[in-house]
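All of the numbers you see were taken from the coordinates with simple rules; none came from a lab. Quick caveat, the model's predicted, so the values are computed rather than measured. Positions of Cβ are backbone-derived with ideal geometry, glycine not excepted, and every protein chain shown enters the neighbour counts.
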Amino acid sequence: MSAAALTPADMLVSLRDGLEAWATANKGKVQIASDPFHALDLLLQSPIGFRVVVWWEGDEPATDIHQAGIVVNRLKVSIGYGRGLAKDPSAGLVTGRSSQKPLYGLISELRSKVRAIQFSDPTDEISSVWAAYRGTTGVVVPEGIAIDAYDLNFTLESVIAYELETSSSEESPNSGSSES
């Protein structure tokens, strides 16, 4: 099991920065969202081109041994087109729009790009991890309406950094001092 000490902010910045050039070259935009509602709000805006929204969904312990401090982070990388007023709104999914690639083609490229991003521990140049792909699901707004957007689901293992506080005026509980 390989893991690096990464914060959610480290992960999201790595995703955003790792996808920026690809998105720009394909007439898209990458943004970080704070939660699923913010992600949905960004996806529903009508950009020229497509929008990629990255967000941290949370984490859970990687093992039953809590002292290990290894967690599995759940990352969402959402991609969507604004539907617009096209005669056939679903055409953008498989044939593209104007000079843009089809959404399903962009999803395949995006999945490959995310899998290639190396997440490095900022305090340790040796430790690196890669995100594991966990499937794609359609985005549905709270009213139950599907939109031309998809969530690509990834997991990424990381280590929780420990900070130990010590005080020179207090003895450690394990110091073994005895009174005479």
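How would you rank D17, D151, going from fewest to most other Cβ atoms within 10 Å of each one's own Cβ?
Values: D17 11, D151 22.
Starting with the residue having the fewest Cβ neighbours, the order is D17, D151.
Sticking with the crude label model, points 7 Å out along Cα→Cβ, report the distance from A68 to A25 in nm, one decimal please.
3.8
Which net charge results for the neighbourhood of A25, defined as the other residues with beta-carbon distances under 13 angstrom from its beta-carbon, given Lys and Arg at +1 and Asp and Glu at -1?
Numbers: positive: K27, K29, K101, K113; negative: E20, E109.
That works out to +2.
Relative contact order, percent, of the stretch 8-159 when contacts are C-alpha pairs under 8 Å separated by at least 6 residues?
Numbers: 276 pairs, mean separation 33.6, N = 152.
Result for the stretch 8-159 is 22 percent.
For the pair A146/S90, report the inter-label distance in nm, with labels modelled 7 Å from Cα in the Cβ direction.
0.8
Between rounded, prolate and oblate, where does the stretch 8-159 land on the alpha carbon gyration tensor, with a ≥ b ≥ c its root eigenvalues, rounded for a/c under 1.5, else prolate if a/b exceeds b/c?
Details: a/c = 2.48, a/b = 1.80, b/c = 1.38.
Taking the square roots of the gyration eigenvalues as a ≥ b ≥ c, the stretch 8-159 is prolate.
Could you tell me the number of lysine pairs in the stretch 8-159 with C-alpha atoms less than 21 Å from each other, where the two lysines are 8 or more residues apart or belong to different chains?
9
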